[in-house]
C-alpha cells in the first residue's frame, strides 16, 4: 500500500472515531440529563447500538456520499485525504467550542472544496450535492415537528396520569435512545465508508467503487470506540442549555429523532444526527411553552451549521493547494 492509501484509510477511520466521540454527547444528552441512565452506561449503550446499526443497515448512505457529491472520476486520493483532514480539523474546533456542528455538512463541504481546487467547479456534482443538502436541511425541521407533535399527544394522553407515568417514561427512554443510536451508526459510519471507498477507488486500490466488508467493520468499530469515550461539552449544550429537560421531553425528543434518522438511513439520505436531535429537543420543549426554550443558544447552533459548509470547503481547498504545491 502506498502512503496516500494509508493516509486515506487512517484519516477516514479517524474521522469515524471523532464523529462518534463528538456526536455521543448529542445521542446520550436526553437520557443522561433527565437522569434515566448514568453517563458511562448511556455511552456504552449508545456505542453498542451504533455498532449494530452500522453493520446491519446496508450501504445506501455510503453510495450517496461516494458517488453523489463529485463527478465520476473527478476525485483523486489526494483530494479525498485533504477533504478528510479538513473535516477532522473543523470537527475538533467545533467540539472544543462545545457546538453541535454537523460533521456531515463539514464532509460535504470539504469534499466539494478539495475536488473543486483539484479540477474546478465542473468536477462538483451540483445536482447531487443539492439533493444531499436538501436532506441535511430538511431533516432537522422534520425532527422539530415530530417532537412537537409527539409531545402534544403525550400531554393529552397523560393529563390525568399519576406520577408513576413519569417514572415509566424515564425507564422507557432507553428504547428510543437505542434506536436513534442505531440510526446514527447506520448513517454516519456509512459516510466514513463511502469517502474512504472513493479515495481507494481513485488510487486504484479498489477496481471500482464498492464497500468491502473490512471497511464496514473498521468504520463501525472506530465510530463505536469514539462514542465510548464521550463528548460531554456538546452534551451540556444540547441537553442542559436549551431548557430544563424532564423524562417526557427526553422520550419525545429521542423517539422523534429515531424516526427521522432511521428512516433517512434506510432511504440512503445522509443526515446530521446532531442537528436532528438538537431540533427534536427544541421541538419537545416548544410544545410545553415556546418561551422556555433558550432560542439564543439555538441561534448560535444554527449559525455554526451554516458556517460549516463554506468553512470546511475553504479549509479543504487551502490544504489541497498546500499539498500539491509544497516544495
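The values are calculated or read from the model by the stated rules, or taken from the named source; none is laboratory data. From a predicted model like this one, the values you see are computed outputs, not experimental measurements. Cβ coordinates were reconstructed from backbone atoms using ideal geometry, including for glycine residues, and neighbour counts include every protein chain displayed.
Before moving on, here are some points about what is shown:
- Positions within segment 121-159 being within 24 Å of residue 196 (Cβ to Cβ) and not in a helix (DSSP H, G or I), in sequence order: 124, 125
- Condition met for residue 115 (at pLDDT 75 or above, in contact with a strand residue (DSSP E or B) (Cβ under 9 Å, 6 or more places away or on another chain) and farther than 22 Å from residue 275 by Cβ): yes
- Scanning segment 141-172 for residues that are modelled with pLDDT of 85 or more and within 26 Å of the chain's Cα centre (by Cα) gives 141, 142, 143, 144, 145, 146, 147, 148, 149, 150, 151.
- Residue that is modelled with the lowest pLDDT [pool: residues in segment 256-285 that are under 14 Å from residue 145 (Cβ atoms) and surrounded by fewer than 24 Cβ atoms within 10 Å (Cβ to Cβ)]: 263
- Applying the set (1) buried (at least 23 other Cβ atoms within 10 Å of the Cβ); (2) assigned to a helix (DSSP H, G or I); (3) touching a helix residue (DSSP H, G or I) at 6+ places or on another chain (Cβ under 6 Å) to residue 85 leaves exactly one unmet item: (1).
- Residue match in segment 93-110 (condition: modelled with pLDDT of 85 or more, under 17 Å from the mean Cα position of the chain (by Cα), in a helix (DSSP H, G or I) and surrounded by fewer than 24 Cβ atoms within 10 Å (Cβ to Cβ)): no
- Residue within segment 233-255 that is farther than 21 Å from residue 64 by Cβ, at pLDDT 65 or above, within 16 Å of the chain's Cα centre (by Cα) and in a loop (DSSP other than H, G, I, E, B) present: no
- Neighbours by Cβ (under 7 Å, 6+ apart or cross-chain): first from segment 119-131, over 19 Å from residue 268 (Cβ atoms); second part of a helix (DSSP H, G or I) and at pLDDT 85 or above: 123/115; 123/116; 124/112; 124/115; 124/116
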